[in-house]
Amino acid sequence: MSSQAQERLGYPTQKPVALLERILSASSNPGDVVLDPFCGCGTTVHAAQKLDRQWIGIDVTHLAIGLIEKRLRDAFPNVAFTTHGVPQDIAGARDLANRGREDKNYYFEFEKWALSLINAQPGNLSKKGADRGIDGNIYFGRTSRAIVSVKAGENVGVAMIRDLRGVIEREGAGIGVFLTLAEPTKPMIAEAASAGQYEEDGFAPVPRVQIVSIEQALELRDRAVRLPARRNDTFKAAARDEDRKAQGKLDL
């Protein structure tokens, strides 16, 4: 897909919806079940929903699953679907984190899943090389940026908040978000408060360093992070679409 295409969401291997509509229209009928076992950013399931097909999408990465969920809700406000295999509560989050202690790949998947809760973009999609203390980014205002640090361990402390403060100062970022599975300690909360407030012209000030628990993120999603003039283009929002009840016509 062209880098300038309006429907582009920011996922590297995204295909045009029109291409998948054409394929599904030629090979299935309304009500049929469409399976995409490597569904990436969800173009096939988007087209299937639009063309009144049932669908099943599968992907191995939580980054893709989070993006697909957002894409479908943006495009089809009344869509109903069930997501299997991702944490649905704090117990599921702890299970994924525990697996990450034994297998680094699971740890990176925990990070991606946690970032998807607050609509943050992973700082390093490939995880090749050092992340320099940046697990994720959220963009707001015209050019402002919040840096996210994700912690899946039980041992969190005030030094981690100081480290995050150092990263946002080094990067010239406006806000730092400490996203943690474990509950923060009182010294951590005090250290975060000592970082002061961040102000964006025309908006109320917000804490410069914010501690967000995974439990809060599960409940509030992106509302768990306080940002002035938040932009919804971490991955761009899919344009609102309409379900079609009749099979699309092929221009042959």
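Values for this structure:
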{"read-out": "Output for the stretch 50-64, where each listed residue is outside any loop (DSSP other than H, G, I, E, B) and either surrounded by fewer than 23 Cβ atoms within 10 Å (Cβ to Cβ) or modelled with pLDDT under 90 (or both)", "value": "Lys50, Gln54, Trp55, Ile56, His62, Leu63, Ala64"}
{"read-out": "Qualifying residue in the stretch 148-162 (condition: part of a helix (DSSP H, G or I) and not hydrophobic (A, V, I, L, M, F, W, C))", "value": "yes"}
{"read-out": "Per-region count, the stretch 165-217, residues of a type in the set (D, E, K, R), at pLDDT 95 or above and over 22 Å from Ala91 (Cα atoms)", "value": "7"}
{"read-out": "Of residues in the stretch 183-228 being assigned to a helix (DSSP H, G or I) and within 14 Å of Ile168 (Cβ to Cβ), the one most open to solvent (accessible area, probe 1.4 Å)", "value": "Glu191"}
{"read-out": "Filtered residue count, the stretch 86-103, keeping only those that are under 19 Å from Val60 (Cβ atoms), of a type in the set (Gly, Ala, Ser) and without any contact (Cβ under 8 Å) to a residue 12 or more places away in the chain", "value": "1"}
{"read-out": "Candidates Leu20, Leu35, filtered to the one that is without any contact (Cβ under 8 Å) to a residue 60 or more places away in the chain and exposed (fewer than 14 other Cβ atoms within 10 Å of the Cβ)", "value": "Leu35"}
{"read-out": "Filter result (part of a helix (DSSP H, G or I), farther than 19 Å from Ala152 by Cβ and open to solvent by less than 30 Å² (accessible area, probe 1.4 Å)) within the stretch 65-104", "value": "Leu67, Ile68, Arg71, Leu72, Ala75"}
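The values are calculated or read from the model by the stated rules, or taken from the named source; none is laboratory data. The model shown is predicted, which means the values in this text are computed figures rather than measured ones. Quick reminder, even Gly has a Cβ in these numbers, built from the backbone with ideal geometry, and neighbours come from all protein chains shown. SASA here: full protein model, heavy atoms, side chains in, ligands and nucleic acids out. Shrake-Rupley method; radii C 1.70, N 1.55, O 1.52, S 1.80 Å.
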